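The values are calculated or read from the model by the stated rules, or taken from the named source; none is laboratory data. All of these numbers come straight from a predicted model, not from anything done at the bench. Note that each Cβ is placed from the backbone with ideal geometry, even for glycine, and that neighbours are counted across all protein chains shown.
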Amino acid sequence: MGRNYVRSLIDAGAAPLLAPVTLDERSLRGLYELAGGVMLAGGADVDPALFGEAQHEKTAGIDPDRDRAECLLARWAVADDKPLFGICRGIQSLNVALGGSLIQDIPSQWPTPLQHNGHYDGSARDQVLHTVRVEPGSRVESMLAARDTGVNSFHHQAVRRIAEGFVVTSRAEDGIIESIEMPDRRFVVGVQWHPEEMSEGRPDMLNLFVTFVNAVTNG
């Protein structure tokens, strides 16, 4: 777990509790019950078998324990209307957990001039690489207080088909989905960029965490 996830949550007023992904289901459920909300962080690729596809040659780093744990946590949180926030891999895993699918490799499956994976050119973690257009009236718009905003970008996969109950609330200029949310839940939001890497200098990015924590504490 990158320290900036933890720092951002603490800065927003939370007391983070990290869940080992190798816990058995009963133990994971016990830890889940202690938490007021769930955050799914970034990381390696989700197993495409979970959305009925063969593994693309560029799909890598699959962790079955993490896939299992995050799918359980996402489904429990939605069923219980417990606040749920997904970042990068987190938006992808919560979408897959609830029945959606992914683009397994943007460069080969969604040709675009935009640079979505900043690792390829050594971009700084807080560097703005492209703009996202936010849907008016969405929760993401209210958190960012903007219709267009610059974001960093470190991913080669993305949401393709959204799961039932979600709506798309922002896209990059090339059409890649950058955020989704569930309008009928207290707080279920996923973003494709990494706000934790920008939250120290960007009040709008910190406010994503603040709003999540407020949803947890205010019930």
List every residue pair whose Cβ atoms lie under 6 Å apart, where the two residues are 6 or more positions apart in sequence or sit on different chains, the first residue falls within region 69-87 and is under 15 Å from Gly30 (Cα atoms), and the second residue, located anywhere, is in a helix (DSSP H, G or I) and modelled with pLDDT under 95. none
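Looking at region 37-58, which of the residues that are over 18 Å from the mean Cα position of the chain (by Cα) and in a loop (DSSP other than H, G, I, E, B) is surrounded by the most Cβ atoms within 10 Å (Cβ to Cβ)?
Here is the first cut: in region 37-58, the ones over 18 Å from the mean Cα position of the chain (by Cα) are 49, 52-58.
The next check asks that each one be in a loop (DSSP other than H, G, I, E, B); those that pass are 52-58.
Numbers: Gly52: 7, Glu53: 14, Ala54: 8, Gln55: 13, His56: 17, Glu57: 8, Lys58: 14.
Only one residue tops the list, namely His56.
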Looking at (1) among the polar types (S, T, N, Q); (2) buried (at least 17 other Cβ atoms within 10 Å of the Cβ); (3) farther than 28 Å from Ile62 by Cβ, which one does Thr131 not meet, given that it meets all the others? (2)
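Tell me, which residue of region 179-210 that is of a type in the set (Asp, Glu) and within 21 Å of Arg75 (Cα to Cα) is modelled with the highest pLDDT?
Among them, the one singled out is Glu181.
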Considering only region 131-139, I want to know if a residue exists there that is over 27 Å from Arg3 (Cβ atoms) and free of Cβ contacts under 8 Å to residues at least 12 places away in the same chain. yes
Report yes if some residue within region 81-103 is outside any loop (DSSP other than H, G, I, E, B), out of contact with any Asp or Glu (no Cβ under 9 Å at 6 or more places or on another chain) and surrounded by fewer than 18 Cβ atoms within 10 Å (Cβ to Cβ); otherwise report no. no
Only one of Glu178, Glu173, Glu197 is farther than 17 Å from Ser93 by Cβ and free of Cβ contacts under 8 Å to residues at least 60 places away in the same chain. Can you tell me which? Glu173
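Please enumerate the residues belonging to region 1-19 that are free of Cβ contacts under 8 Å to residues at least 24 places away in the same chain and outside any helix (DSSP H, G or I).
Within region 1-19, the subset free of Cβ contacts under 8 Å to residues at least 24 places away in the same chain is 3, 6, 10, 15-18.
Within region 1-19, Ala15, Pro16, Leu17, Leu18 meet the criteria.
How many residues are assigned to a loop (DSSP other than H, G, I, E, B) and surrounded by fewer than 17 Cβ atoms within 10 Å (Cβ to Cβ) if we restrict to region 111-125? Spell out the reasoning first.
Let us first name the residues in region 111-125 that are assigned to a loop (DSSP other than H, G, I, E, B), namely 111-116, 122-125.
If we keep only those that are surrounded by fewer than 17 Cβ atoms within 10 Å (Cβ to Cβ) too, we end up with 111-115, 122-125.
Of the residues in region 111-125, 9 are assigned to a loop (DSSP other than H, G, I, E, B) and surrounded by fewer than 17 Cβ atoms within 10 Å (Cβ to Cβ).
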